[in-house]
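**Student:** After the structure tokens below, expect a handful of questions from me.
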Amino acid sequence: MASFIGRTMMLMLLILFLTITCDARTYVRITNDLGGGLDLTVHCKSGDDDIGVKVLRPQEWFEFSFKPAWIISTDFYCSFQWPGSLKWLDVYYEARDLNVCSKCWWSIKSTGDGPCRLNWKNNKYDYCLPWNKD
């Protein structure tokens with residue numbers, strides 16, 4: 001009888017865990033911090049989802065969310081365009097981001113270290129990456 005109760009409790013805990021984790025969403029936010037009054041044109045997609053083209057005015061942001069896949073890797077990349085520039089970035093790369101950010105907020109600037117992601121520990125955009133190569 002005790003083993004039946006123990007197994008039942010384990011099964012209930014497993015169902016609770018799966019319910020919580022299956023519903024977990026990841027949020028990606030892109031902010032136009034180019035400066036100089038420049039608009040930023042952003043186009044984000046994954047292997048099977050196209051978020052579409054967004055034009056962000058200075059200091060404007062947009063956000064999208066998704067549920068990371070269990071079996072195949074979930075990756076989202078975006079193109080960023082402003083006068084004289086066209087850049088690419090993996091805004092969510094599962095191997096890099098899965099256990100690091102459930103809210104991946106990016107600041108896009110025309111100068112400096114490239115795009116920077118918010119570090120939630122110190123509330124600064126100090127996790128900067130180089131742009132993807134063409």
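Every read-out reported here was derived from the displayed coordinates using simple, explicitly stated rules and does not represent laboratory data. These numbers were taken from a predicted model, which means no experiment stands behind them. FYI the Cβ positions are ideal-geometry reconstructions off the backbone, even for glycines, and counts take in every protein chain you see.
**Student:** Cβ under 14 Å from SER73's Cβ, SER73 left aside: what net charge do those residues give with Lys, Arg +1 and Asp, Glu -1?
**Tutor:** -4
**Student:** Report the charge-dipole magnitude of region 25-128 in Debye, nearest 20, computed about the Cα centre from +1 at each Lys and Arg Cβ and -1 at each Asp and Glu Cβ.
**Tutor:** Rounded to the nearest 20 debye, it is 280 debye.
**Student:** Further, regarding this structure: Within straight cross-link reach of LYS54, meaning Cα distance under 17 Å, which lysines are found once same-chain residues fewer than 8 apart are removed?
**Tutor:** Cross-link targets: LYS45, LYS87, LYS109.
**Student:** OK, next. Ranking ILE71, ILE5, ILE108 by Cβ neighbours within 10 Å, fewest first, what do you get?
**Tutor:** Fewest-to-most ranking of ILE71, ILE5, ILE108: ILE71, ILE5, ILE108.
**Student:** Nearest 0.05, what FRET efficiency do ALA24 and ASP49 give at R0 = 22 Å with Cβ-Cβ as r?
**Tutor:** My answer for the efficiency is 0.80.
**Student:** Using 7 Å Cα-to-Cβ label points, what is the THR111/ILE71 separation (nm, one decimal)?
**Tutor:** 5.0 nm
**Student:** Mean separation of Cα pairs under 8 Å and 6+ residues apart, divided by the residue count of region 64-112: what relative contact order is that in percent?
**Tutor:** 27 percent
**Student:** Give me P(r) over region 25-128, computed from all C-alpha to C-alpha distances, binned every 10 Å, as integer percentages.
**Tutor:** With a bin width of 10 Å, the distribution comes to 15, 51, 30, 5, 0.
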